[in-house]
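The values are calculated or read from the model by the stated rules, or taken from the named source; none is laboratory data. Computed from a predicted structure; not experimentally measured. Neighbour counts are summed over all protein chains in view; Cβ atoms, including those assigned to glycine, are modelled from backbone coordinates with ideal geometry. These accessible areas exclude ligands, DNA and RNA; they are computed on the full protein's heavy atoms, side chains included. Shrake-Rupley method; radii C 1.70, N 1.55, O 1.52, S 1.80 Å.
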Amino acid sequence: LKFAESDLVRKANEENIKARREIEDKIADKKFLVSKVKKTISDTEKEIALNKDVIKHYETELNKARDEWNAEKEREFDENSLICPYCKQEYPADKKEQLRADFKAHKEAELNRITDKGNTAKENLENEKNTLARLEAELPEHKKSLEMLNNAIADLEKQLSEITTSIDVTGTDEY
């Protein structure tokens, strides 16, 4: 009789333990996901901070290019360069034209170089701003996922606490 009672208690407890294990496994899975989502949130926040620094860098680079372009655009040909520094006489007309043409060509090339530099900085700046917008849109989604996982864990822990660790079989028909 004692053996039959023990067998009833064992069978009832086995089902109970199985149910508890399933819930504990679900909790463990959710906690693993929580740690992954927390890491994702941390990584995203770090990326946002880094991205903001990169944006400042490109804004500075773009402003430097604008200033450099304006300075180069305002640069004028030095008429004093048409006088030979050694003999203090003016260069011949063809030499003067050559010096002016060289200055103009150099100035044009320099403006093109600065323009390319500025366009590259502007393109990089736009790309980084787009990346920042995407990251800032993802962050609340990650935080919402974390909140949902924490709520799911709380629900599972509540279910787990409602399952008793040992079952009293004295009130069953089989007892």
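Expressed as a whole percent, the accessible surface of the chain that belongs to carbon and sulfur atoms is 51, based on a 1.4 Å probe.
Projecting the Cα atoms of I153, L99, P140 onto the charge dipole of the range 28-175, computed from C-beta unit charges around the Cα centre, puts L99 farthest toward the positive end. Stretched out straight at 0.36 nm per residue, the stretch from L33 to K143 would grow longer than its current Cα-Cα span by 38.4 nm. What you get for the chain, charging only the Cβ of Lys and Arg (+1) and of Asp and Glu (-1), is a dipole of about 320 debye around the Cα centre. Against the chain, whose longest principal axis is taken from its Cα atoms, helix 2-74 shows a tilt of about 10°. Note on the range 1-154: dipole from Cβ charges, positive end direction compared against N16, A4, P85; the farthest Cα belongs to A4. Suppose the Debye formula is applied to equal point scatterers at every Cα of the range 1-90; what is log10 I(q)/I(0) at q = 0.16, 0.22, 0.24, 0.26 Å⁻¹? Results for the range 1-90 at q = 0.16, 0.22, 0.24, 0.26 Å⁻¹ read -0.90, -1.05, -1.10, -1.14.
Considering only alpha-carbon pairs that sit under 8 angstrom and 6 or more positions apart, the relative contact order computed for the chain is 51 percent. Over all other residues within a Cβ to Cβ distance under 14 Å of F32, the charged ones net out to +3, with Lys and Arg as +1 and Asp and Glu as -1. Axis of helix 93-162 versus longest Cα principal axis of the chain: the two differ by about 10°, to the nearest ten degrees.
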